[in-house]
1. With a 1.4 Å probe and every protein chain kept in, tell me what percent of the accessible surface of segment 47-185 is carbon plus sulfur.
2. When you count, for each residue, the other Cβ atoms within 10 Å and take the mean per peptide, how do 94-102, 69-77, 371-379 rank with the highest first?
3. Please compute the per residue accessible area over segment 107-187 with all protein chains in place, 1.4 Å probe, rounded to a whole number of Å².
4. In whole Hz and in residue order, list the ³J(HN,Hα) couplings for segment 213-229 that follow from phi through the Karplus curve 6.51 cos²θ - 1.76 cosθ + 1.60, θ = phi - 60°; x for Gly and Pro.
5. Could you order peptides 175-187, 135-147 by the average number of other Cβ atoms within 10 Å of their residues, highest first?
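The values are calculated or read from the model by the stated rules, or taken from the named source; none is laboratory data. Here the structure is a predicted model, which is why all the values come from computation and not from measurement. With ideal geometry, Cβ positions are generated from the backbone for all residues, glycine too; neighbour counts draw on all protein chains shown. These accessible areas exclude ligands, DNA and RNA; they are computed on the full protein's heavy atoms, side chains included. Shrake-Rupley method; radii C 1.70, N 1.55, O 1.52, S 1.80 Å.
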Amino acid sequence: MNAALKKLFCFAVGSALLFPLFGEDKASQKAQQKAVRKVQRMKVVEVIEDEGAFQARNLTFTVGKMKYALKGGLGSYQLSVLDEKGVAVPILAGQDEFTSSFYDVKVGKKIYRLNDSAITVTGSRKGELGGQMVFTVPKKVRVFVKYEKVDTKGVLDAEVIKFTATLLNRGNKTETFALKSVLDTVLGEKNGTHFSTAEDSFLKKERSYRNLDEVKWFLSSDGNTSVQFLLNGANVTKPEIVVVSNKDFLSLPAWEPQVSADRNFDSVLSYNNSALCIIWPEVTLEPEKQASFVYYMAVASDGAASDGEKFITWYENGHEKLDVDDKYSVKKFEEPFQEALKKYEAGQYKEAYDIVMELWKNPEQRNERLAELKELIEKKLNPTELDLLNETYGDSDYNYEDDMPPAGLPEPEAEDAPNEVPEANFDINSITAEQLNPDYVQGLIERINSLEADDSKIDRNEILRLHAELDAILEKLRHQ
C-alpha cells in the first residue's frame with residue numbers, strides 16, 4: 001500500500017470510528033437542550049398565593065363553553081364561545097396577536113400599556129374556572145386578571161363569566177392607581193348594530209357614559225352569538241366612565257378618550273371597527289395593598305338569549321357566593337418547588353429529589369411541572385442512588401396523570417424547534433389598490449379569525465402570511 005492510499009485508509013477508518021462519537025455528542029447535546037427548555041418552561045414570572053404560578057407561555061384551552069387563547073409572553077388574549085357543533089366563535093378580535101384588546105394602568109400620572117413587553121413582565125395560566133393573566137410593571141404595580149365561569153345552577157342558557165382585576169401596589173410609597181380595559185368586540189360589527197344597551201336598541205356612533213343606572217349593560221351580537229357586558233348591579237364595580245368608539249381612537253395614549261357624538265366607528269386605519277372602553281375610578285393604595293374591580297359577561301350562542309339582567313336579579317336574590325375555595329395553598333407548593341428547581345440547576349440532584357418527593361406525597365400537587373422536574377432529576381441520578389431513594393419513597397412509579405389537575409394543552413412542538421416556522425414578510429410596494437379596499441381588508445381579517453379559531457385546521461404558515469399581508473396594507477395606508 002503506497003503512502004497516499006495508506007493516508008486515505010487511515011482517514012476513512014478514523015472517520016468511521018469518530019462518526020458514532022460525534023453522533024452521540026450531537027444526540028447528547030440535543031437531549032441537554034431539551035432538558036434546559038423544560039426547566040425554562042417551569043420557571044415562572046409571578047406566583048400569586050392561592051392562585052398559581054404564571055409563565056410566559058402561550059395557552060389555548062376551554063372551560064365550559066368558553067375558549068381562551070392567552071399569549072403569556074406578550075400579555076394579550078382572545079375570548080371565543082363554542083357553539084352547539086363545538087366551533088369556536090370569537091367575541092373579541094384576533095388580529096395583531098390579539099393586542100387590540102388590552103389593559104392600561106395609571107400610576108400617579110404615568111400610564112402603562114400592559115401588553116407592552118418592553119415595560120411589563122407578563123404571564124398566563126389556566127385556572128380551575130377559566131383563564132388568568134398577570135402583568136407586572138417592576139417596582140410599580142402588579143395587575144392580576146382572571147375570568148371565572150359562574151355556576152348559575154341551570155337558571156340561564158347563557159354562560160356567565162366573572163371578570164376580576166386586582167391591582168397591587170409594588171412601589172415603596174402610597175400612590176394613586178387607575179385601571180382601563182379596552183375590548184375590541186367583533187360580533188356587532190357583522191350586522192352594523194355594534195352595541196345595544198338597556199336604553200338604546202343600537203349604537204352606531206360613539207358615545208360616553210358616566211352614569212350606568214339606566215344603561216346597565218352593553219351587548220355585542222350578530223343575531224346568533226352574543227356577549228353582554230354587565231356593568232351595573234350585583235357586586236359589579238361601577239366604572240367612572242364607559243366609552244364606545246372606533247378601536248383606533250381607544251388605542252391612543254390619552255387616558256380618557258375624546259368623544260364626538262357625530263363620529264361613527266370608522267378611522268383612517270380601520271373601517272366599521274367598534275370597541276368598548278371601561279375606566280374605573282382611581283384608588284389610593286399603600287405599599288403591598290391592593291384593590292379589585294369586578295364585572296360579568298353573559299355569553300350565548302346558537303340564538304340563545306344572553307339574559308344578563310336575569311342573572312343580576314338571580315344574584316341579588318341570594319346567590320352572592322360564587323367563588324370556590326382552592327384545593328391547596330399555592331404558597332405551600334410553589335416555594336419548595338422553586339427551591340428544588342434551584343438545586344437541580346446547581347447540580348444538587350439528591351437534595352432536589354428529596355424536596356420533589358415530599359411534594360409528590362400530596363396527589364393534589366402532582367401537576368405537570370412537578371412531574372417534569374421529577375423526571376429530569378431521575379435522569380441525573382445514578383441507578384443505584386435512584387433505587388435507594390425509590391425504596392425510601394416507595395411510589396416513584398406512580399402515574400401522575402391520573403391525579404394531575406387540568407393544566408392547559410401540552411407544549412407545542414414549535415417550542416422544541418423555534419426556528420422551524422419560516423418568517424413571513426410582505427413587500428409594502430407590492431400592495432395593490434384592490435388590497436386597500438375596505439371589503440378586501442375585512443375579508444382578510446375574517447380569514448385570519450377563522451383560521452385562528454379552528455385548532456383542528458390551523459396552518460401557522462398561512463396565518464403568518466396573512467398577518468404579514470395585513471401589516472403591509474396598514475403600513476401603506478399610514479403613508480398615504
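1. Answer for segment 47-185: carbon and sulfur cover 45 percent of the accessible area.
2. 69-77, 94-102, 371-379
3. Each residue of segment 107-187 exposes 35 Å² on average to a 1.4 Å probe.
4. 4, 9, 5, 6, 8, 10, 10, 10, 8, 9, x, 10, 10, 8, 10, 10, 8
5. My ranking of the peptides, most packed first, is 175-187, 135-147.
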